[in-house]
Each structure stands twice: as structure tokens, then as C-alpha cells.
Amino acid sequence: MLVLSRQRDETIMIGDDIEITVVDIRGDKVRLGINAPTSIAVHRKEVYEAIKRENEQAARLLDTELDLLQTHDQLANRIRPGDSKTDAHEPKQAARTLLNHHLNPLKSRSA
């Protein structure tokens, strides 16, 4: 870690595009001004970590939703009255069995 000493109104440059200026010092608090291109996200660390957690959770939910949609499509193609793969007299039971077969791995993965 690079440690630099700066006084009020002094600036640190990161590359050519990012400026960090000491705006104010009061007791044990330092206020920083950060000038960076809009293409670079600037957050306090705790905010950054919260965003990262939310993105990871959203990605997991999206994977689960995609798996469910894929399972739905597979079931829709497999469960038809009179289909030799299902019992034409018990279509609800056949659907329930197939659904449980496909959803149980998803349930254990998302838990």
C-alpha cells in the first residue's frame, strides 16, 4: 500500500484521469474530493461491497430462473396426454413426479 501525506487543498493523481483532493480536515475525519471520468465508478468501500453482494445474489437468482424456465420447457414437451412417457390416466401424478425430479436439485442448490 502506498501511503502519502497531504494537507488541505493538496491533490493526488491516479493515472492521468483521477484526482483525489483533500478538501477538509476536522479532528479524525478527512473529506476527500474525487474527480474521475464518468466511466469509472467511485464508491465508499462499504457501498461497493453492498453493490457487489447484490449483483452476486441477482446473478444466482437469474441462474435459478433460467434453470426453472428450461425445466418448464422440458416438462411442457414431455407431458402430453397419451404420451408413452407418461401415464395417460394419471397426467397430474406424472407431471408432479417429473417436476419434483427436476426441481429437487435446484432447491438444494439455492439453499
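The values are calculated or read from the model by the stated rules, or taken from the named source; none is laboratory data. These numbers come from a predicted model, not from an experiment. Cβ: placed from backbone, ideal geometry, glycine included. Neighbour counts: every protein chain shown.
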Notebook entry, point to check: List, please: which pairs have Cβ atoms under 6 Å, are six or more places apart or on different chains, and start with a residue in segment 13-36 that is assigned to a strand (DSSP E or B) and end with one that is modelled with pLDDT of 95 or more and of a type in the set (G, A, S)?
Noted result: I18/A36; T21/G33; V23/G33
Item checked: Residues within segment 25-44 that are over 22 Å from the mean Cα position of the chain (by Cα) and under 20 Å from R6 (Cα atoms), tallied -> 12
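Take the conditions farther than 19 Å from T21 by Cβ, surrounded by 12 or more Cβ atoms within 10 Å (Cβ to Cβ), within 14 Å of the chain's Cα centre (by Cα) and outside the structural domain of E10 (by TED's automatic domain parsing) and apply them to D63. Does it pass?
Working: farther than 19 Å from T21 by Cβ: yes; surrounded by 12 or more Cβ atoms within 10 Å (Cβ to Cβ): yes; within 14 Å of the chain's Cα centre (by Cα): yes; outside the structural domain of E10 (by TED's automatic domain parsing): yes.
For D63, the condition - farther than 19 Å from T21 by Cβ, surrounded by 12 or more Cβ atoms within 10 Å (Cβ to Cβ), within 14 Å of the chain's Cα centre (by Cα) and outside the structural domain of E10 (by TED's automatic domain parsing) - is met.
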